[in-house]
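Q: So that we are looking at the same thing, I have put the structure below in structure tokens.
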Amino acid sequence: MTALQFQPVEPPSPFLNSSSKPNKTTWKHPPYSPSYCSFRHLPPPLPCSASTPGAEEETPSRNYDSTATNGGRDIDGLVDRRPVVRLAWEKLLRWSRSWRSKNKADVLRRTNKVVVLGGGSFGTAMAAHVASRKSDLEVHLLLRDPSLCESINLHHCNCKYFPQHKLPVNVTATTDPKAALIGADYCFHAVPVQFSSLFLESIADCVDPGLPFISLSKGLELNTLRTMSQIIPKALKNPRQPFVALSGPSFALELMNRLPTAMVVASKDKRLANAAQQLLASSHLRISTSSDVTGVEIAGALKNVLAIAAGIVEGMNLGNNSMAALVAQGCSEIRWLATKMGAKPETITGLSGTGDIMLTCFVSLSRNRTVGVRLGSGESLESILNSMNQVAEGVSTAGAVVALAQKYKVKVPVLTAVARIIDNELTPQKAVLELMSLPQVEEV
């Protein structure tokens, strides 16, 4: 009795139309069907000798090495894509080298002094990052707390936020705005939004009208609904004060640890955005540029409120389905409002939008998410805020977000529910019930 032999088959051409007639050797199923795939991975037949029926010969072993190809195809008949992938990667690297050779940065070379307003976690991390870019660059931290100022200058460490990290020796702290700002080439603003107007008004006389401000602060001013691009010129009484918004998924601790990070600088002045990019970009910090200041600022402000909602879901143990649904709905609400205000949709789906939202909503280092987790677990807002040594901007921004949405006639149910919970007018449990009871509508 002769052994059963598998007959070779040819996969159908992907170009066959409905009128084409497959030949006899064409397999019925397309190459991606379970039947074809399972047949393709069967072991090779075990031929029997005609003279001694049933005697098995040694089965030839399959060679999956890249050299075992036949006209660009491996032994299974599949096209070997590795050369194509390798070529694509090499082209990318060549483009990168070419771009760098044509865009040699001289901004850092021409920059002698930088000032950072505020000594919180992110202000400190940014000061350390910029100082590490150039050893003879003067980096001044302008603080309110004399004891913290003295500690930084004495120990080269911000013991309040980063007790385990040494600051570069070219970082110094001061409480004197005139000494900090005189001769500065760039100013990083890291003061919380709700305190920015009063602080900037107090130092306005020391600020050069042409000094570029790079804002690290995210949020909306509670009473005026203004963003930092509106607050800074107003407080300094200079509508032409150069402005850049820096945003994106970035925790201060990871920036201090020099872990790979990507952010966006947005300015209506393209040359200024490029200058900020050259000043900040390094081997562990990628900086993209944008002209959409509105989109970057609104996404940065609203994601803090959404992070509180995500934390509430976590604190209530509502599960992964709820978390995904809530964050997706929140992203839509942010997009609706931002685009109504003139933002570009691609900004909301980019680093400063979706990227920042994912980081803030899903990672335990997020202050706003932490507030939400504790609210969802039953703690009062007062006790939560009293135990924190950093500002969670989403708490103060929530009410302003709802007011802004009403101004632009946009419905934001999730963000509104957060504001109601923060105002102690709705419990998290009741908010969930009411949100789930909203009309079933078409997704937009």
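Q: Could you pull out the residue among PHE195, PHE188, PHE199, PHE162 that is crowded, with 17+ Cβ neighbours inside 10 Å and more than 26 Å from GLN277 (Cα to Cα)?
A: PHE199
Q: Something else now. Among residues belonging to the stretch 159-192 that are in contact with a Gly (Cβ under 9 Å, 6 or more places away or on another chain) and modelled with pLDDT of 95 or more, point out the one that is farthest from LEU108 (Cα to Cα). Steps first, answer last, please.
A: Here is the first cut: in the stretch 159-192, the residues in contact with a Gly (Cβ under 9 Å, 6 or more places away or on another chain) are 160-161, 173, 188-192.
When the remaining residues are screened for being modelled with pLDDT of 95 or more, the result is 173, 188-191.
Working: ALA173: 21, PHE188: 15, HIS189: 19, ALA190: 21, VAL191: 24 Å.
Top of the filtered list is VAL191.
Q: Open to solvent by 20 Å² or more (accessible area, probe 1.4 Å), more than 23 Å from SER215 (Cβ to Cβ) and in a loop (DSSP other than H, G, I, E, B), is that true of SER98?
A: On the way: open to solvent by 20 Å² or more (accessible area, probe 1.4 Å): yes; more than 23 Å from SER215 (Cβ to Cβ): yes; in a loop (DSSP other than H, G, I, E, B): no.
Spelling it out, it is not the case that SER98 is open to solvent by 20 Å² or more (accessible area, probe 1.4 Å), more than 23 Å from SER215 (Cβ to Cβ) and in a loop (DSSP other than H, G, I, E, B).
Q: Something else: Quick one: which residue in ALA398, ALA343, ALA417 is modelled with pLDDT under 95, touching a helix residue (DSSP H, G or I) at 6+ places or on another chain (Cβ under 8 Å) and either under 20 Å from ILE298 (Cα atoms) or not small (Gly, Ala, Ser) (or both)? Walk me through it before giving the result.
A: Working: ALA343 fails: modelled with pLDDT under 95; ALA417 fails: modelled with pLDDT under 95.
Residue meeting the stated conditions: ALA398.
Q: Looking at the stretch 373-408 only, could you name the residues that are open to solvent by less than 30 Å² (accessible area, probe 1.4 Å) and more than 13 Å from ALA419 (Cβ to Cβ)?
A: GLY376, ILE384, ALA392, GLU393
Q: Okay, next question. All but one of (1) modelled with pLDDT of 95 or more; (2) farther than 25 Å from LEU375 by Cβ hold for ASN320, so report the exception by its number.
A: (2)
Q: Answer with yes or no whether SER229 is small (Gly, Ala, Ser) and touching a Leu at 6+ places or on another chain (Cβ under 9 Å). Show your work before the answer.
A: Details: small (Gly, Ala, Ser): yes; touching a Leu at 6+ places or on another chain (Cβ under 9 Å): no.
When the stated conditions are applied, SER229 does not pass them.
Q: Here is a further query. How many of the residues making up the stretch 233-273 are more than 30 Å from LEU365 (Cβ to Cβ), in a helix (DSSP H, G or I) and free of Cβ contacts under 8 Å to residues at least 60 places away in the same chain? Show your work before the answer.
A: To start, the set of residues in the stretch 233-273 that are more than 30 Å from LEU365 (Cβ to Cβ) comprises 233-242, 268-272.
This time we only want the ones that are in a helix (DSSP H, G or I), so: 233-236, 270-272.
After this cut, where a residue has to be free of Cβ contacts under 8 Å to residues at least 60 places away in the same chain as well, the list is 233-236, 270-271.
So the answer is 6.
Q: Another question, then. Hey, can you tell me all the residues within the stretch 282-291 that are farther than 26 Å from VAL207 by Cβ and either in a helix (DSSP H, G or I) or open to solvent by 10 Å² or more (accessible area, probe 1.4 Å) (or both)?
A: Going residue by residue through the stretch 282-291, those that are farther than 26 Å from VAL207 by Cβ are 282-286, 288.
Correct list: SER282, SER283, HIS284, ARG286, SER288.
Q: Give me the residue from the stretch 202-232 that is part of a loop (DSSP other than H, G, I, E, B) and among the hydrophobic types (A, V, I, L, M, F, W, C) and, out of that set, most open to solvent (accessible area, probe 1.4 Å).
A: Step one: list which residues in the stretch 202-232 are part of a loop (DSSP other than H, G, I, E, B), which gives 207-212, 216-227.
If we keep only those that are among the hydrophobic types (A, V, I, L, M, F, W, C) as well, we get 207, 211, 216, 220, 222, 225.
Working: VAL207: 19, LEU211: 7, LEU216: 21, LEU220: 0, LEU222: 84, LEU225: 39 Å².
Across the stretch 202-232, the extreme among qualifying residues is LEU222.
Q: Another one. Quick one: what pairs do we get from the stretch 424-444, first residue within 17 Å of MET316 (Cβ to Cβ), second surrounded by 10 or more Cβ atoms within 10 Å (Cβ to Cβ) and small (Gly, Ala, Ser), C-beta under 7 Å, 6+ apart or different chains?
A: Going by the 7 Å Cβ cut-off, the qualifying pairs are LEU426/ALA417; PRO428/GLY376; ALA431/ALA417; LEU435/ALA417.
Q: Oh, and also: Mind listing whichever residues of the stretch 296-352 are closer than 21 Å to ARG226 by Cα, touching an Asp or Glu at 6+ places or on another chain (Cβ under 9 Å) and open to solvent by 60 Å² or more (accessible area, probe 1.4 Å)?
A: LYS344
Q: Could you give every pair whose Cβ atoms fall below 6 Å, whose first residue belongs to the stretch 356-385 and is free of Cβ contacts under 8 Å to residues at least 60 places away in the same chain, and whose second residue is open to solvent by 40 Å² or more (accessible area, probe 1.4 Å) and among the basic types (Lys, Arg), counting only separations of at least 6 or pairs across chains?
A: ILE384/ARG374
Q: Pull up the stretch 101-143, narrow it to residues that are of a type in the set (Asp, Glu) and part of a loop (DSSP other than H, G, I, E, B), then point me to the one that is modelled with the highest pLDDT. Reasoning before the result, please.
A: Pass one, the stretch 101-143, residues of a type in the set (Asp, Glu): 106, 136, 138.
When the remaining residues are screened for being part of a loop (DSSP other than H, G, I, E, B), the result is 106, 136.
Working: ASP106: 85, ASP136: 95.
My answer is ASP136.
The values are calculated or read from the model by the stated rules, or taken from the named source; none is laboratory data. Everything numeric in this text was worked out from a predicted model, so none of it was measured. When we count neighbours, we look across all protein chains shown, and the Cβ atoms used for this are built from the backbone with ideal geometry, even at glycine. Surface areas here come from the heavy atoms of the whole protein model, side chains and all, with no ligands, DNA or RNA. Shrake-Rupley method; radii C 1.70, N 1.55, O 1.52, S 1.80 Å.
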